[in-house]
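The values are calculated or read from the model by the stated rules, or taken from the named source; none is laboratory data. Since the structure is predicted, the reported quantities are computational estimates derived from the model, not experimental observations. Glycine also receives a Cβ, built like all others from the backbone with ideal geometry; neighbour counts cover every protein chain displayed. Note: areas computed on protein heavy atoms with side chains; ligands, DNA, RNA excluded. Shrake-Rupley method; radii C 1.70, N 1.55, O 1.52, S 1.80 Å.
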Amino acid sequence: MSDISLNAQRFKGRPASPGLVEGPIVLFRGREASPGRAPVHSPGASDWAELDAAMTRTAERLGALRGDARNAQAADILDFQVEVLSDPTLIESLARARTAGRLPADAWTSALAAEIAGLKASPDGYFRERASDLEDLHDRLLQQLAGASDPELALPERAIVLARDLAPSRFLEIPWGPGHGLALMDGSPTAHVAMLARARGLAVAVGLGAVPARHGSIALLDGAGGELILDPSPADRREAERRNAPAATATIAPGRPGLQSGLARTRDGTDIELLVNLNELADLDGLDPSAVDGIGLARTEFLFARLGLSDGRFPDETLQLDVYRRILDWAAGRRVVIRTLDAGGDKPVPGYTDGSESNPFLGLRGIRLSLARPGPFRTQLRALIRAAAIGPLDILIPMVTVPEELMSVRALIEAEAADLDRSGISRGQPRLGMMVEVPAAALTLDRFEVDFASIGSNDLAQYTMAAGRDEGAVSGLADICQPAVVALIDSAVAHARKRGLRLGLCGDAAGNAELIPLLLRHGLRSFSMPVRALGPVRQAIAAIDLGGGA
Ligand code: PEP
Ligand code: MG
């Protein structure tokens, strides 16, 4: 057989997570499919009969979901979406666009865009929520039109999900399994979706540019090389295997003998705190709590994604308390740091975050949004204060920039605690900490009234270097090794030492064994990382001699 495929088409992007997958392409529309964004390549969507068929399939799918709906609210949304599909005004508007010779996908987007904008502008919360239901319907239909699989259905074995970009909440809806891969035409290795995919151990390539692949066509995804190859040759396969071989052996599972027991210690005997980052409760499956010092960062915006947060509705206090209880039970007295909702930036929550911001990373994100819309924040604080009665719990606040923000948080915590006391509901006394991910916070850490702090190296790098973590073209700049970022880490460490403040690092850098020597030499002694990084990081720590100095 010939080693050369005359048809091979190569799309070179950037590596985001090593691994090799050869299998069928599954087209998936994610964040890019929102009205108002540029339409993307959509194979086979130029035929109006396909739009009719996609509408029928969408109505059938929604009808089936309606049958399974477990609560009245979900049923109500699904009824509304089905109704819209047969709305005479919508049908008329599509018919006009057809006569005018427009593309079906564009016509669908325009038909819904005006309606969505009107609902969003409504002063009535009920109608604003309906806007996100319409957006969801818009995306669902485009998925059907592109021939993409329904996120609720299983992916075929060795599937490579191909999308322009994917919002983290969309990523979490996909039923990923071992052996799946993710190929993004846009995106960057430091975006949240890439981080989530890495934590799952998927092969990921980003920034591939336009890939005109058809749903179901066979491709080779080379995670280490950051490449997608359509119709690959045996030579392509061998080359990709060679490139991904080190990753296949270097990823040391936390359960490997010798890496589970004992705390992390440098060669010269300095103890290092080793914590894990939690994006989903499933991250804890198979992880022995005695292998770590606890949880250093539970990202609740991801933990809640399965509980209805993506609809702009928030899990109620009881549901949240249940999630926190499960984490605290697992930790069995070890440290547990739970971060309050960090919505905004590249983690939009339809119906909650403001979709019209020109630069969401510099807008209402994290604590800014929580304080601007205190209702859901108070519920979260209340559930956290109650959970603190179960075991030691640290509340971590994201995107803190000025001391006043923390003062407002403290006041809210005190008010909720007093209310719980009045109602005779048991509660604890959580410690309050802040993320150090805005340069202003790193420079002035001594001014904040906190019990502990944690450096978010992902955002600290992007905000210091003015390079968006989701912008492929500049993501290389957002590098923690840049002297300016290191200088800010030094500043935070110096302030923390002076104040006797507990300081750790929970960004991606903590899970990169190659960066551990640098971070240790700059005085950090506590790291929180994805579970699969524990083995290599523990080894890197054991190999370093700090010579007794800090
Ligand atoms: C960070 O910014 O480094 C961090 C840990 O927070 P997130 O990645 O969730 O923004
Ligand atoms: Mg961050």
Could you work out how much longer the chain between D268 and A113 gets when fully extended? Use 0.36 nm per residue separation minus the Cα distance between them, nm to one decimal.
49.6 nm
So, R0 is 22 Å and r is the distance between the beta-carbons of T99 and E60; what FRET efficiency does that work out to, to 0.05?
0.20
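To one decimal place, what Kirkwood hydrodynamic radius in Å is obtained for region 250-543 from all pairs of distinct Cα atoms? Intermediate values should be presented prior to the final figure.
Numbers: mean 1/r = 0.0516 Å⁻¹.
Result for region 250-543 stands at 19.4 Å.
Among 178-190, 531-543, 231-243, 157-169, what's the highest-first ranking by average C-beta atoms within 10 angstrom per residue? Before the final figure, lay out each step's value.
Numbers: 178-190: 25.2, 531-543: 20.6, 231-243: 16.4, 157-169: 23.4.
Result, highest mean Cβ count within 10 Å first: 178-190, 157-169, 531-543, 231-243.
Starting from the Cα-Cα distance between A8 and D79, subtract it from 0.36 nm times their residue separation and give me the gain in nm to one decimal. List each step's numbers first, then the result.
On the way: separation 71, 0.36 × 71 = 25.56 nm, distance 4.56 nm.
Value of the extension gain: 21.0 nm.
Rounded to the nearest 20 Debye, what is the dipole magnitude of the chain about its Cα centre when Lys and Arg each give +1 and Asp and Glu each give -1 at the C-beta?
Values: 59 positive and 70 negative charges, 247 e Å.
Once rounded to the nearest 20, the dipole reads 1180 debye.
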Residues of the chain: accessible area per residue with a 1.4 Å probe, Å²
41
Taking the chain, the equivalent ellipsoid from its C-alpha gyration tensor has semi-axes in Å, biggest first, of 39, 31, 20
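For the chain, calculate the relative contact order in percent as a whole number, restricting contacts to Cα pairs under 8 Å that are 6 or more residues apart.
On the way: 1104 pairs, mean separation 86.7, N = 550.
Taking the mean separation of contacting Cα pairs over the length of the chain, I get 16 percent.
Give me the number: length gained by fully extending I218 to R373, i.e. 0.36 nm times residue separation minus the C-alpha to C-alpha distance, one decimal in nm.
Working: separation 155, 0.36 × 155 = 55.80 nm, distance 4.65 nm.
51.2 nm is the gain from fully extending I218 to R373.
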For region 250-543, averaging the sequence separation of alpha carbon pairs under 8 Å that lie six or more residues apart and dividing by its residue count, the contact order in percent is 21
Along the Cα→Cβ direction, 7 angstrom out, place labels at L90 and A473. What is the inter-label distance in nm?
3.6
Which one, F28, I327, G187, is farthest towards the positive end of the dipole of the chain when Lys and Arg carry +1 and Asp and Glu -1 on their Cβ?
I327
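Could you put I397, I218 in order of accessible surface area, largest first, with the 1.4 Å probe and the full protein assembly present?
Values: I397 0, I218 90 Å².
Greatest to least solvent exposure: I218, I397.
As a check on your grasp of the helix formula, calculate [θ] at 222 nm for the chain: sum -39500 (n - 2.57) over DSSP H runs of n ≥ 4, divide by the residue count, round to the nearest 500. Could the numbers behind the result be given before it?
On the way: 18 runs with 222 residues, N = 550.
Calculated at 222 nm, the ellipticity per residue is -12500 deg cm²/dmol.
If you put +1 on each Lys and Arg Cβ and -1 on each Asp and Glu Cβ, how big is the dipole of region 48-145 around its Cα centre, in Debye rounded to 20? Walk me through the numbers before you get to the answer.
Values: 11 positive and 17 negative charges, 36 e Å.
So the dipole magnitude of region 48-145 works out to roughly 180 debye.
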Mean separation of Cα contacts under 8 Å (at least 6 apart) over the residue count of region 48-145, i.e. the relative contact order in percent, is 32
How many angstrom lie between the Cα centre of region 326-395 and the Cα centre of region 176-217?
27
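Counting Lys and Arg as +1 and Asp and Glu as -1, each charge on the Cβ, what is the dipole of region 292-430 about the Cα centre in debye, to the nearest 20?
Numbers: 18 positive and 18 negative charges, 51 e Å.
Computed charge dipole of region 292-430: roughly 240 debye.
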Heavy-atom accessible surface of the chain: percent carbon and sulfur, 1.4 Å
53
With a 1.4 Å probe and all protein chains kept in place, how do M465, M529 rank by accessible area, largest first?
M465, M529
